[in-house]
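What follows is a set of notes on a single structure, which appears directly below.
The values are calculated or read from the model by the stated rules, or taken from the named source; none is laboratory data. What you see is a predicted model; the values in this text were computed from it and never measured. Virtual Cβ from ideal backbone geometry, glycine too; neighbours counted across all protein chains shown. Accessible surface areas use protein heavy atoms only, side chains included; no ligands, DNA or RNA. Shrake-Rupley method; radii C 1.70, N 1.55, O 1.52, S 1.80 Å.
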Amino acid sequence: MSKVVKIFHGPQHPGITGNMSVELDLIGETIVKARTHVGYLHRAFEKLVERRTAMQAFTIVCRICVPEPDPNEENFARAIEEITGLEVPERAKWIRVLVLELSRLAAYHLWMGGQAGSTGLYTVPQWSVGYRDYILDLFEELTGGRVYHMYIIPGGVRRDLPDGFLDRVSDVMDLIESKLPEFDRLFFDNAVFKKRAIGTAVIDPETAIERGVVGPPLRACGIASDVRRDDPYEIYDKLDFDVITEKGGDVYARALVRRREMEQSIKIIRQIIKYIPDGPYRTKIPYPMNWKLKAGETYVKTESARGEFGYYMVTDGSEYIRRMNVRGPAYVHGVSLLEDMLEGAQLADVAMIMNSLGTCPPEIER
Amino acid sequence: MGWGIDLKGIVSPFTALKYLGKHPHTVRYPYEKKKTAKRYRGFHINDLEKCVGCGNCAKICMNETIDMVKVEGIEPKTGDSGLRPKVDYGRCCWCALCVDVCPTGSLKLSTDYVYVDEDPNSFLYIPGLERKEYEKNVGWTCETDLDSLLDLERVEMKIMPPDERVKTFAEAVYGYTVEEAKREAERCTGCGVCISACPDRMHIPDYIKAIRDGQFDESVRIIYDNNPLPEMCGKVCTRRCEFNCIMTHRAGKENAIAIRWLKRFACEQFESYEEVLNLQPQPLNGKKVAIVGGGPSGLTVAYYLRLKGYETVVFEEMPKAGGMTMAGIPKYRFPIPSLDKQLNHIKSVGVEIRENTKVVKGEPKSNNEVSFEKLKEEFDAVFLGIGLTQPMKLGVEGEDLEGSIQALPLLKAVNFGEKINVGQKAVVIGGGNVAMDCVRVLRRFGVDVTLSYRRREVDMPADNEEIHEAKEEGVVFRTQTIPVEIIGDENGKVKAIKIQRAEMVPDPKGGRPRPVPIEGAYEVWECDNVIAAIGQKADYSFLPDDIVEKLDLQWGKIPVNERGMTKVEGIFAGGDAVNWTADAISAIADGLKAVKGIDEYLSGK
Amino acid sequence: MSYLEELKVKIENMFSPEKCYFPKENLLSFLVSNSEVRGALSYLKDVEGFKHFVMLSCVDWLEEGKFELVYIVWHPEKKVNAMVKTKIDREKAEFQSLHDMWRQICTYEREIWEMFGVNFIGHPRLEPFILEDWKDMPPMRRDFDTLHYVNEHYEWREGREESYKPRDYIGEAFDEWRKK
C-alpha cells in the first residue's frame, strides 16, 4: 500500500509567479491531489478603489500585476472612458498599444526566465531578464518608472513620447529580434525542455473553452482566440498581426505560442513606429477630484501576456467607482485549473506547470 | 515524441558557449553608474518661492502622503496660503500626480531615488527646505499644458457681438447655462487661495462646490453669508479673486476659474431670494442705526444689522438705492431688474430705505432733507457710506466751456434715464473703469469716441475685459497723450482738444514709469465733447463742520479703527470714502466690519 | 439587426428581464429574477453557444439593501459578451451555487462568499480563500469602513500631527490678518 505524503509547494516563488502555496498530496513523486492556497499578496485593491477618485485609483491598479502592469492601466482607463464617454485622441491610442506590446514583450521575457528556470535551465533567465531590462529602460524613459508605469490614464496617456524615443524602441526591437534565435537554440529547441514539456499538462480544446482558459494556453490548443482580434480595442483593428496557434495543448505548445507571439509583438511595434500619427496625447478632464463619473457599467478586456484580462466596472454617478472587479487570467488558470492539471503530474513539474499556465497570485488576490 | 535521440536539441544549447569569456552586456567594468532617465520619478523637490500652498498635491495624493504645514519665514499673503507640502516617504508611491496637479509648476520630482538612513523621521521632510541637493537632478516635471491634470481652459462665456452691443443697453454678457456652469465649477480645485484676495473673504470654494453638485440654493445661501449684493458682484466685481486664482499661474488671467460668472450664475437661478434663503431676522431689539448712503457698504450694514435685530434706515439721496452700482455702472453691465431683485430682498428682511432723501447739515429746507444732527440724536449709531460723488477736474484751460463735462454726472444721467446732450465726437480722458463705462455708453449713443490716457495701455487701471470690449465696440485708444487745453469756438462751446504726446520714462527709484510730455509734440483733435474720467472724491459738505474736523480726514478719506468706527464715537464709516481700493466688494467688506463694530458697540461688548 | 439585438428580443420573450440594454456595442446586459438565472445562463450556454464563462462579480447596493450578482459570458464564435444579473437580498444573502455549469464558478463563488458574505447553497468548498483568520464583517461590503479598521488596528506614524487644509487655514489666517 502506498503512503500519501503531504507537501506544501510554496508560498515562496516557484519561479517568477509570485507568492503562492500549493498543498500537494503525493504518492511517491506523483501528485494525487492538489489544493491551492492564495492570500499572501492580497492588498485589497478593489476595496481601496472604492474610496478613491478615478484618477487616484489609477495609481493603484498597475500594482495588480508586477510583470505586466500596463493591461491593468489600459483596462481601467478604457472602462472609465467607456462609461463616461470620454474620447481618447488617436495618438494616445497608438502610444497605448506601443506600451502594451512593449509590456507584453517584457512579460514574455520574464516568463521565459521563469519557465526555463523551473526546468532547470538557468542560463535563459540570466539572458531574458537582462534583455527585459532594455525594455524597462524604454519604459523608464517614457513613463518615469521601470516597473509600475502609471502612464495610461483615463483620457489618454500622461506624457508625449520623448524626442527620438521611437528610434530607441526600434534599436531595442532589432536587438531583441536578433537574440530570439539564440533563445531558440538555448531553450525552445533544448532537448531537456522538450523532453519535460511535451505531453505535460495537456488541455484539450473542449475543456479549455469549458473551463474558461484564455490566452496562450487556449491558443496552444489550436483555438485562435485573441482579444486583440476578437474584440479589437484601441487600434488593434488597424494593425497587421497573426493570431498564433499551436497544436498539442501541452507545456511545450504553450511555450511555442509565446515564443512566436514575441515576433508578432515586434511586428506590431514596428508598425506603430512607422505609422503613429501626430496630435494631442490626452483629453482633458475636469480637476480629477471633482470628476463625477456618469452612472453606468461596463466590462472591458485586453489581451495580456497571460490572456484575457478583464475589468468589470460599475459607477453610480459619484466621483468614486462603485465596484471594480478584476478578472485576471490567472484567476481561472491558477486556481481550479491548476488543481486539476496537477493531479497526476510529477512533483518536479509543479513549478513548470504553474509558469506555463501563467499563474500570477497578485491578480488572483488583488 | 518517441525515445529517439533529439540530436539537435542536445547540441544546440551548447552554442551559448560562444559567450564564454565575453563581457556581459548588462554590467560594465569598471562599474559605471547608469544614468537615470530624464522623466524619472524620484524624491520631491519644491520651489518654495514659486509654491503658493494651494494644497492640490495633498488633496490628490491617494496615500495621504502630503501634509500642508507652516514653514518659518513664509507668511500667508494675497495669493499664497503660506503653507508648504511636507512629504512622508513611508507612504509615497511615486505616482507623481502631485506634480501633475501643481498649478505653479513648483513641485517636481528629482531623479534621485536612493536614500538610506537609520532615522525614520528623516523620511519625512519639506521639499525645498531640506534635502536641497536633489534640486540638481530634476526628473519628472509638468511642463506643457497638456501634461497638467488641471483643466486650464475656462468655459467660454457667451457675449453679444460688438456690432449688436453698441446698439443696445441690454445686458451684453449672456451668463452660463447649467451645463456650462457645472463644467466650469468642476475645474475648481477648491484650494481657497482666492479667498486671500477677496476683501470680503467670500466662501468661494464652498459656493463653487455647491454649484458643481447642482445645489444652487445652497450656493446662494453660502454667498449670502457675507454679501448682500451678490448678483451685482457676480456681474461687475473687480474680481481680485480671479487674478489670484491658482489657474492663472499656468494659464493666464483669462483662464482663471470664472468665479464672478459662477456667482452670477448661482444668483440668477432664482427669481427672488426670500424663499431660498428663508431668513428669520431677529426681533427688533430697540436699537436704531442710521445709514447715510445706499451704496454697497450702506446696504451691507443695513441688511446684516437688521438680521441681528437692529432697526436700520438707509438715507439715499438719489431716487434709487445702490450707490455707484446704480448711478455709475452702465445698465448693459448691471441691469436695473437685477439690482431691484437684490434691493427687494434687502427690504424684505425689514430694512427701510428712504430714497430721494438727502442728509444735510443744519435745518432741513424741504421734506426731502433730513438734518444730520437729528440723525445723530435719534439713532444710536450712524454709518457713513457716502462714497465718492464729486468728480475731479482736469485742471486745464477751457474746462468750463460748454461741452466739457465729467464722466460721473453723464453716467448718472444715462442710468436714471435722463436725456443727455452729447455731440458727434467726444474725447474721454482717463484709463479707469469709469472711463471705460463712459466710452462704451457714448458708443451706444452713436458717438465717435477717442480715449486719451497719459500712460500705456498696460498701465490702465481698468479691467482688461473692459478695455478689450471697448476696443471691439470701436473706441479709438490714444495712449500716452496728455490734455493741455480745451479749445472753444466763438459761442463758448468745445471745438477741439489740444493734447501733448508723452513718452514713458523709467523711474530711477524703480517705481512704475512716468509719462513725460514730449516737447513740441502737440496735437489738436476736433471734438464736440471732452469728458473727464480721472477720478472722484468724497463730498463732506453735508456734515457739520465740527464733525468733519473730528473725523480727521486724511487725503480726503475717513480714517476708521478696526471696528469700522471713525474718530467720532457712534459714527461708523466704510466704502469708497474710507478704503483706497474703492470698489464694491471692498465696500461690502467695510460694511461687514462695521456690522460687527456697531453690534459690539451697541451691545456694549 | 445584429445578433445581439436578436438575442435581446429572444431573451425578452423567454424571460422577464428588467433593463435589458447594451452598455456597449458588443455587450448585452439584463437583470433577471433569482429563479431565472440558471435558466438564462443555460439557455445562453447550451442553446446560443456562450460557452466561455468570463467572470462572476458581485456589487453591493447598500442603499437598496441588495447584492447584485453579475455573470458575464462570452460567445467565442459571435464574439459578443452577455451579462446576466440578479439581485439578492442583502440581509439574507444566499443564492444557489452554479458551479455545476462551469467549474471555475467555484472559485468566484468562494471569493464572493468570503468577501461579501453571500452563501452559495450547494457549493462544495466554501472555505477561506484569500483572507486568513478573518473575524470581522466580510470586507468588500460597502459598510465595512477601511479607514476605521486601519485606525483601530494600526498606528499612525509620529511627526505628522501638523496638517492644515489650505482652504480653512486661509480663512482663519486672513481673518486674523484682517483684525490687525
*Could you list all residues from region A:108-119 that are open to solvent by less than 10 Å² (accessible area, probe 1.4 Å) and closer than 16 Å to A:PHE139 by Cα?*
A:TYR108, A:HIS109
*asked:* Just to verify a result, which residue in region B:20-58, among those that are exposed (fewer than 15 other Cβ atoms within 10 Å of the Cβ) and hydroxyl-bearing (Ser, Thr, Tyr), is nearest to the other protein chains (Cβ to nearest Cβ)?
replied: B:THR26
*State yes or no: is B:GLY79 in contact with a strand residue (DSSP E or B) (Cβ under 8 Å, 6 or more places away or on another chain), at pLDDT 80 or above and open to solvent by less than 30 Å² (accessible area, probe 1.4 Å)?*
no
*So is C:LYS85 free of Cβ contacts under 8 Å to residues at least 60 places away in the same chain and open to solvent by 40 Å² or more (accessible area, probe 1.4 Å) or not?*
no
*asked:* Here are the criteria: (1) in contact with a helix residue (DSSP H, G or I) (Cβ under 9 Å, 6 or more places away or on another chain); (2) within 11 Å of chain C (Cβ to nearest Cβ). Tell me which single one A:ILE244 does not satisfy.
replied: (2)
*Give the residues of region B:82-96 that are surrounded by fewer than 24 Cβ atoms within 10 Å (Cβ to Cβ) and within 14 Å of chain A (Cβ to nearest Cβ), sorted by residue number.*
B:ARG91, B:CYS92, B:CYS93, B:TRP94
*Test A:GLY310 against the stated conditions and say whether it is buried (at least 24 other Cβ atoms within 10 Å of the Cβ), in a strand (DSSP E or B), away from chain B (no Cβ under 14 Å) and of a type in the set (Gly, Ala, Ser).*
yes
*If you check C:GLU152 against the conditions, is it modelled with pLDDT of 85 or more, surrounded by fewer than 18 Cβ atoms within 10 Å (Cβ to Cβ), assigned to a helix (DSSP H, G or I) and not aromatic (Phe, Trp, Tyr)?*
yes
*Could you list, in sequence order, all residues of region B:109-162 that are open to solvent by 20 Å² or more (accessible area, probe 1.4 Å), among the hydroxyl-bearing types (Ser, Thr, Tyr) and away from every other protein chain (no Cβ under 14 Å)?*
B:TYR115
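Here's the yes/no breakdown for (1) farther than 21 Å from B:ASP576 by Cβ; (2) not in a loop (DSSP other than H, G, I, E, B):
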site: B:GLY362; (1), (2): yes, no
site: B:LYS365; (1), (2): yes, no
site: B:LYS376; (1), (2): yes, yes
site: B:GLY387; (1), (2): no, no
site: B:GLU399; (1), (2): yes, no
site: B:ALA413; (1), (2): no, yes
site: B:GLY417; (1), (2): yes, no
site: B:VAL439; (1), (2): yes, yes
*Specify the residue that is farthest from B:CYS241 (Cα to Cα); the eligible residues are those in region B:529-585 that are outside any loop (DSSP other than H, G, I, E, B) and small (Gly, Ala, Ser).*
B:ALA532
*Of the residues in region B:122-165, how many are of a type in the set (S, T, N, Q) and over 28 Å from the mean Cα position of the chain (by Cα)?*
3
*Selection count, region A:314-349, where residues are over 20 Å from C:ILE112 (Cα atoms), open to solvent by less than 10 Å² (accessible area, probe 1.4 Å) and not in a helix (DSSP H, G or I)*: 0
*Looking at (1) open to solvent by 50 Å² or more (accessible area, probe 1.4 Å); (2) modelled with pLDDT of 85 or more, find the lone condition where B:LYS361 falls short.*
(2)
*Taking the stated definitions as given, is B:GLU490 charged (D, E, K, R) and assigned to a strand (DSSP E or B)?*
no
*Pairs only if they're at least six apart or on different chains, beta carbon under 7 angstrom, first in region B:247-258 and closer than 13 Å to B:GLU184 by Cβ, second assigned to a helix (DSSP H, G or I) and basic (Lys, Arg); list them, first residue then second.*
B:ILE257/B:ARG187
*Note down all Cβ pairs under 7 Å where the first residue falls in region A:177-194 and is outside any helix (DSSP H, G or I), the second is of a type in the set (Lys, Arg), and they're at least six residues apart or on different chains.*
A:ASP189/B:LYS8
*Inside region A:24-83, can you point out the residues that are assigned to a strand (DSSP E or B) and open to solvent by 10 Å² or more (accessible area, probe 1.4 Å)?*
A:ASP25, A:ILE27, A:THR30, A:VAL32, A:LYS33, A:ARG35, A:HIS37
*asked:* Being in contact with a Gly (Cβ under 8 Å, 6 or more places away or on another chain), farther than 15 Å from B:TRP261 by Cβ and either of a type outside the set (Val, Ile, Thr) or within 14 Å of chain C (Cβ to nearest Cβ) (or both) narrows it down to one residue among B:LYS209, B:LYS182, B:LYS167; which is it?
replied: B:LYS209
*Would you tally the residues in region C:95-107 being facing another protein chain (nearest Cβ under 9 Å) and open to solvent by 10 Å² or more (accessible area, probe 1.4 Å)?*
2
*If you take the residues in region A:162-201 that are more than 9 Å from every other protein chain (Cβ to nearest Cβ), open to solvent by less than 20 Å² (accessible area, probe 1.4 Å) and not β-branched (Val, Ile, Thr), which one is nearest to A:TYR131 (Cα to Cα)?*
A:LYS179
_Tally up the residues in region B:206-223 that are open to solvent by 10 Å² or more (accessible area, probe 1.4 Å) and either under 16 Å from B:GLN269 (Cβ atoms) or under 15 Å from the mean Cα position of the chain (by Cα) (or both), please._
10
*Determine whether A:MET289 is within 14 Å of chain B (Cβ to nearest Cβ), assigned to a helix (DSSP H, G or I) and either of a type outside the set (A, V, I, L, M) or touching a residue at least 12 places away in the same chain (Cβ under 8 Å) (or both).*
yes
*Quick check: is even one residue across region B:170-178 within 14 Å of another protein chain (Cβ to nearest Cβ) and either of a type in the set (S, T, N, Q) or assigned to a loop (DSSP other than H, G, I, E, B) (or both)?*
no
*When region B:251-305 is examined, which residues are found to be open to solvent by 20 Å² or more (accessible area, probe 1.4 Å) and charged (D, E, K, R)?*
B:LYS253, B:GLU254, B:GLU268, B:GLU271, B:GLU274, B:GLU275, B:LYS287, B:LYS288
*Which condition does A:ASP237 not pass, out of (1) in contact (Cβ under 8 Å) with a residue 12 or more places away in the chain; (2) under 30 Å from A:ILE321 (Cα atoms); (3) in a helix (DSSP H, G or I), if it passes all the others?*
(1)
